[in-house]
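The values are calculated or read from the model by the stated rules, or taken from the named source; none is laboratory data. Here the structure is a predicted model, which is why all the values come from computation and not from measurement. Cβ placement follows ideal geometry from the backbone for every residue including glycine, while neighbour counts extend to all protein chains displayed.
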Amino acid sequence: MANLLEQELATVGPVRFPNIPLYEGFGAPMRLEADLRDCEVSYGAVPKDLNGVLYRCGPDRQYPPLNDDDIFIDGEGKVVMFRFENGHVDFKTRYVRTARYNLQEKHRRELFGRYRNRYTHDPLAQGCNPGTANTNVVWHAGRLLALKEDDMPYELDPYTLETIGRYDYDGAVKSLWLSAHPHLDQTTNELLTFAYQAKGDGTTDMAYYVIGANGKVKHEVWFQAPWAGLMHDFAVSDTHIIFPFFPLLTDVEVLKKGGPFYQWHRDKETVVAVLPRFGTADQIRWFRGPTSFAGHMMNGSTDGSKVSVDICLSRGNSFAFFPNHDGSTLDQTQGIPHLTRFTFDLAANTSDYKTAQLYDWLCEMPRTDDRYQGSGKYRHGYVVCHDPSRVWAGMAGLSAVGHFDHKAGKAASWHPGPDSGVQEPCFAPRGPNSPEGDGYILVLVNRMAENRSDLAILDAQSLELAALVKLPMRVRMTFHGMWVSQEALDNRRYSASRTP
């Protein structure tokens, strides 16, 4: 076997990434793991009541892709951490050593083909789990988990980021994989999660799980989706779960021909399943509405018989890297998202739901004060947005942090300046029992002209800049992550309470 591997490596060509727009400038693969103790603070001072870790996760290609039609959501998972301690900040980044990463490291080349298309992999990759752990990182029940929705989580050491291994809840989770978008209830310490296409690519099986504070499966529900498609995110309220089905579908026959994992079906409606938080499949209420799409949900809430969800909604496909199924040109103007509220009346004998746009700003990557995920009535939401009153040279798109005050009906933004953009904001409370929105927004800033990154610390109420942590390198786009206080790390649980 060793001789065969040596013969193969002797024929492997040089590492050379293709000249495609995805790999230009700030998007070029970094492929570096780094440690930096005591990061420079170029503006202000790091608040001394910020003690804990900001975790972020995103893709970074290990080797050049087998095909030049790569998309930016693919690539090996890399976790970033900023450790805060008494005004000091240390930085660390590591790859997640998935089965895919280890196999490619052994053969010194890419072995996996088009995004999630198992039929395009190199023969050496057959039988190897293709999960990348590149989408999110969550701390729950004493475990740090890196997530991708076509695999089980990978557990990491919370201080070194070294990979411990693939984690399947001791076999209690029966789906083939789990979502990269669980929702954490920091008052009950329950993790609510799900799996779509849960029995394999192209299946309509859905699985919903509640993982208890002890890390054990507490509740499980299986049901059938209206089709085999994407469900990147879902929403929770204090009493219900909201599963929205948008028409970005998977066709196994297309996969067998080497095609994309998802295709947009603009002729199909939106379907939503509303399930009691600890309900059963026969308690699901189904609702239907016009064609729409959303990648991410801000929050859910319940008011009497009415269940609502606030989502970044567009009329068409926002994931423009997936084509129309009929071969027509994708109308990207239909994929512009705005924060919109769906309201479902469980007391009414109807399958319709109400839709109301809340703000006219373009926005995505919505977040809340995490302690208020699923609360009855939350007030504060944060997004990556385009504030039309704050356009800077070189970055006129979704390049600002937005704050939506739902109670006041007001919106405000912070922009990092010319030739700069922002990544998803994360909220860090001033203390476990401080009022909603009392704390800080932590956001990675892309300094395009300098080809490096900053970490901005903003006051969560005013969006005033408190400090800038300067990095001498860039942090390639991350998708999701979370703030974990030192108290939560030490106690292996959260002690949050909700203050009206």
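Checking LEU161, LEU111 one by one, the residue that is at pLDDT 95 or above, in contact with a strand residue (DSSP E or B) (Cβ under 7 Å, 6 or more places away or on another chain) and buried (at least 19 other Cβ atoms within 10 Å of the Cβ) is LEU161 and no other. The set of residues from the range 459-478 being over 21 Å from the mean Cα position of the chain (by Cα) and within 30 Å of ALA408 (Cα to Cα) comprises ASP459, GLN461, SER462, LEU463, GLU464, LEU465, ALA466, ALA467, LEU468.
Here's the yes/no breakdown for (1) acidic (Asp, Glu); (2) under 25 Å from SER497 (Cβ atoms):
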| position | (1), (2) |
| --- | --- |
| ALA141 | no, yes |
| ASP157 | yes, no |
| LEU161 | no, no |
| LEU191 | no, yes |
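Could you please let me know if VAL217 is in contact (Cβ under 8 Å) with a residue 24 or more places away in the chain, surrounded by fewer than 21 Cβ atoms within 10 Å (Cβ to Cβ) and within 20 Å of ARG277 (Cβ to Cβ)? Considered against the rule, which asks whether it is in contact (Cβ under 8 Å) with a residue 24 or more places away in the chain, surrounded by fewer than 21 Cβ atoms within 10 Å (Cβ to Cβ) and within 20 Å of ARG277 (Cβ to Cβ), VAL217 comes out as yes. Here the strands (runs of 3 or more DSSP E) wholly within the range 386-495 that include at least 2 residues being acidic (Asp, Glu) are 452-459. Inspection of the range 298-314 identifies at least one residue that is touching a helix residue (DSSP H, G or I) at 6+ places or on another chain (Cβ under 6 Å) and at pLDDT 95 or above. Of everything in the range 243-289 that is without any contact (Cβ under 8 Å) to a residue 40 or more places away in the chain and under 16 Å from TYR353 (Cβ atoms), the residue that is nearest to the chain's Cα centre (by Cα) is PHE245. Among LEU66, LEU54, LEU32, which is the only one that is modelled with pLDDT of 95 or more and assigned to a loop (DSSP other than H, G, I, E, B)? Result of the check over LEU66, LEU54, LEU32: LEU32. Among residues belonging to the range 371-381 that are hydroxyl-bearing (Ser, Thr, Tyr) and part of a loop (DSSP other than H, G, I, E, B), point out the one that is nearest to HIS140 (Cα to Cα). Looking at residues that are hydroxyl-bearing (Ser, Thr, Tyr) and part of a loop (DSSP other than H, G, I, E, B), I get SER375. Exactly one of (1) in contact (Cβ under 8 Å) with a residue 60 or more places away in the chain; (2) surrounded by 17 or more Cβ atoms within 10 Å (Cβ to Cβ) is unmet by GLN62. Its number? Of the numbered conditions (1) in contact (Cβ under 8 Å) with a residue 60 or more places away in the chain; (2) surrounded by 17 or more Cβ atoms within 10 Å (Cβ to Cβ), the odd one out for GLN62 is (1). Does SER292 count as crowded, with 20+ Cβ neighbours inside 10 Å, over 30 Å from THR188 (Cα atoms) and not aromatic (Phe, Trp, Tyr)? Spelling it out, SER292 is indeed crowded, with 20+ Cβ neighbours inside 10 Å, over 30 Å from THR188 (Cα atoms) and not aromatic (Phe, Trp, Tyr). Collect the residues in the range 216-266 that are under 17 Å from PHE293 (Cβ atoms) and either modelled with pLDDT under 95 or among the β-branched types (Val, Ile, Thr) (or both), keeping them in residue-number order. Within the range 216-266, ILE242, THR250, ARG266 meet the criteria. Out of curiosity, is THR11 exposed (fewer than 12 other Cβ atoms within 10 Å of the Cβ), of a type in the set (Val, Ile, Thr) and over 22 Å from ASP150 (Cβ atoms)? When the stated conditions are applied, THR11 passes them. Between PRO244, PRO276, PRO260, the distinction of being surrounded by 18 or more Cβ atoms within 10 Å (Cβ to Cβ) and farther than 21 Å from TYR115 by Cα belongs to PRO244 only. Among the residues making up the range 102-125, those that are among the charged types (D, E, K, R), part of a loop (DSSP other than H, G, I, E, B) and closer than 18 Å to PHE261 by Cα are ARG114, ARG116, ASP122. Which of the residues that make up the range 184-209 are surrounded by fewer than 22 Cβ atoms within 10 Å (Cβ to Cβ) and either among the hydroxyl-bearing types (Ser, Thr, Tyr) or within 12 Å of PHE234 (Cα to Cα) (or both)? Matches in the range 184-209: THR187, THR188, THR203, THR204. Beta carbons closer than 9 Å, at least 6 apart along the sequence or on distinct chains, pair a first residue in the range 354-376 that is without any contact (Cβ under 8 Å) to a residue 24 or more places away in the chain and closer than 17 Å to LEU313 by Cβ with a second that is in a loop (DSSP other than H, G, I, E, B) and not small (Gly, Ala, Ser) for ASP360/PRO388.
Do any residues in the range 166-181 that are under 25 Å from ARG367 (Cβ atoms) have Cβ atoms under 6 Å from those of residues that are in a loop (DSSP other than H, G, I, E, B) and among the basic types (Lys, Arg), where the two are at least six apart or on different chains, and which pairs are they? As it stands, the answer is ALA180/LYS148, since those pairs meet every condition given. What do you reckon, is ALA273 out of contact with any helix residue (DSSP H, G or I) (no Cβ under 7 Å at 6 or more places or on another chain) and farther than 27 Å from CYS426 by Cβ? Considered against the rule, which asks whether it is out of contact with any helix residue (DSSP H, G or I) (no Cβ under 7 Å at 6 or more places or on another chain) and farther than 27 Å from CYS426 by Cβ, ALA273 comes out as yes. Looking only at residues in the range 69-101 that are modelled with pLDDT of 95 or more, part of a loop (DSSP other than H, G, I, E, B) and over 20 Å from the mean Cα position of the chain (by Cα), the one that is surrounded by the fewest Cβ atoms within 10 Å (Cβ to Cβ) is ASN86.
Beta carbons closer than 7 Å, at least 6 apart along the sequence or on distinct chains, pair a first residue in the range 314-331 that is aromatic (Phe, Trp, Tyr) with a second that is outside any loop (DSSP other than H, G, I, E, B) for PHE319/LEU248; PHE319/GLY295; PHE322/LEU248; PHE322/GLN263; PHE322/TRP264. Just one residue in the set SER495, SER434 is touching a helix residue (DSSP H, G or I) at 6+ places or on another chain (Cβ under 7 Å), surrounded by fewer than 19 Cβ atoms within 10 Å (Cβ to Cβ) and not basic (Lys, Arg); that residue is SER495.
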